[in-house]
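Beneath this line is the structure, given in structure tokens, with notes to follow.
Rule-based calculations on the coordinates, nothing more; no lab input. All values derive from a computational prediction rather than experimental measurement. Please note: Cβ atoms are built from the backbone with ideal geometry, for glycine as well, and neighbour counts cover all protein chains shown.
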Amino acid sequence: MSDPNKSSFVYVTYIRTTPQKLWDALTRPEFNRQFWYQAWQDCEWKAGASWRLMLADGRVADSGQVLEIDPPRRFVLAWRNEFRPELHEEGTARMTCLLEPQDDMVKLTITHEIDRPKSKFIEAVSSGWPIILASLKSLLETGRALEVTGRPKDK
Amino acid sequence: MDAVFKALADASRRELLDRLYADNGQTLNELCARLAMTRQAVSKHLAILEEANLVATVRRGREKLHYLNPVPIHEIGERWIRKFERGRLQALSELKRSLEQRDE
């Protein structure tokens with residue numbers, strides 16, 4: 001049974017690239033900015049390190065910690081929203097990024113989960129990921145991210 | 001992309017996606033319980049949706065949970081809609097809505 005006390009989603013995209021290139025795009029600020037509305041992650045990418053998602057204007061969107069990391073295959077983050085009170089109060093979610101090579105592609109699986117039903121946080125992040133993933137795919141396959149994700153997101 | 005269009009060109013499969021949208025992460029049993037389709041048919045449709053990457057599955061113990069994966073739909077949106085000026089399409093659909101409201 002799906003757990004009624006949890007909220008979660010799983011997004012999958014296949015990208016024609018290598019695990020190392022995808023890992024770099026996911027973890028390095030200069031790549032993040034191109035497909036993530038100029039946002040970037042402030043993190044040392046080792047187990048236990050603190051993690052922050054920084055918006056273009058310097059605000060902290062979300063913060064957390066690296067729970068597990070196995071480059072270039074998998075990382076798990078503790079993830080808590082910092083700029084919308086109703087999302088912040090829901091507490092900490094887990095985000096897992098899994099990279100699996102398949103022929104000339106890499107299957108990227110992003111999972112977000114939180115231990116509460118009908119989470120507003122999960123709803124908010126789930127609506128954000130598809131275009132970010134589409135842009136990441138475009139960046140790696142064509143060298144160019146989608147135009148719309150290259151500038152700060154209109155709020 | 002052919003696989004996505006083929007997968008979406010079936011009302012039963014679109015209904016399965018709607019069910020997952022309403023309640024994400026369901027098992028085959030849960031999906032079957034709420035639909036007027038045989039288990040075999042649901043299972044076959046899910047396989048086609050998974051092949052098209054519209055459904056992602058996660059194993060949890062002995063169970064397989066099905067999640068709606070909207071990423072390919074977004075890719076279609078980028079390829080076929082944004083390119084042809086989403087702004088104008090939106091203006092048209094708003095015009096259509098306001099005209100239809102007036103008829104009521």
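List the residues whose amide H sits under 5 Å from the amide H of residue B:25, counting only those 5 or more places along or on another chain, with H placed 1.01 Å from N in the peptide plane.
HN-HN under 5 Å from residue B:25: B:66, B:67, B:68.
Treating the angle as unsigned and between 0 and 90°, give the value, to the nearest 10°, between the Cα long axis of helix B:11-22 and the longest Cα principal axis of chain B.
So the inclination is approximately 90 degrees.
What percentages make up the Cα-Cα pair-distance distribution of the stretch A:1-89 when the bins are 10 Å wide from 0?
15, 41, 35, 9, 0
Determine, for A:70, A:42, the number of other Cβ atoms within 10 Å of each Cβ, and report the residues in order from fewest to most.
So the ranking, lowest neighbour count to highest, is A:70, A:42.
Please provide three numbers in whole Å: the alpha-carbon extents of the stretch A:102-153 along the principal axes, with the largest listed first.
The Cα atoms of the stretch A:102-153 stretch 39, 32, 9 Å along the principal axes, largest first.
Put a dot 7 Å past each Cα toward the Cβ at residue A:100 and residue B:21; how far apart are the dots in nm?
Rounded to a tenth, the inter-label distance reads 2.7 nm.
Which shape class, rounded, prolate or oblate, goes with the protein assembly as shown when its Cα gyration tensor gives a ≥ b ≥ c as root eigenvalues, a/c under 1.5 marks rounded, and past that a/b bigger than b/c marks prolate?
Rounded.
Once label points are set 7 Å from the Cα along Cα→Cβ at both residue A:21 and residue B:36, what is their separation, rounded to one decimal in nm?
5.0
What does the helix-only formula give at 222 nm for chain B: each DSSP H stretch with n ≥ 4 adding -39500 (n - 2.57), the total divided by the residues, and the result rounded to the nearest 500 deg cm²/dmol?
Mean residue ellipticity at 222 nm (helix-derived): -19000 deg cm²/dmol.
Please compute P(r) over all alpha-carbon pairs of chain B, binned at 10 Å starting from zero, and give each bin as a whole-number percent.
14, 37, 26, 18, 5, 0
Can you work out the PRE-style zone for residue B:79? Point 7 Å along Cα to Cβ, and I want the residues of the stretch A:98-122 with backbone N under 18 Å.
It comes to A:104-108, nothing else.
So what is the calculated 222 nm ellipticity per residue for chain A, using -39500 (n - 2.57) for each DSSP H run with n of 4 or more, over all residues, to the nearest 500 deg cm²/dmol?
So the helix-based figure for chain A works out to -8500 deg cm²/dmol.
Residue B:44: which lysines have alpha carbons under 30 Å from its alpha carbon, excluding same-chain residues fewer than 8 sequence positions away?
Partners found: A:6, A:107, A:118, A:137, B:6, B:64.
Modelled label-to-label distance, residue A:68 and residue A:45, 7 Å Cα→beta-carbon offset: nm?
1.9
Between the stretch B:21-52 and the stretch A:26-104, how many Å separate their Cα centres?
Spelled out, the Cα-based centre of one part sits 32 Å from the other.
Can you pull the semi-axes for the stretch A:7-149, root of five times each eigenvalue of the Cα gyration tensor, sorted largest first, whole Å?
Result for the stretch A:7-149: semi-axes of 23, 17, 15 Å.
Report, as an integer, the average count of C-beta atoms from other chains found within 10 Å of each Cβ along A:125-134.
Mean number of neighbouring Cβ atoms from other chains: 4.
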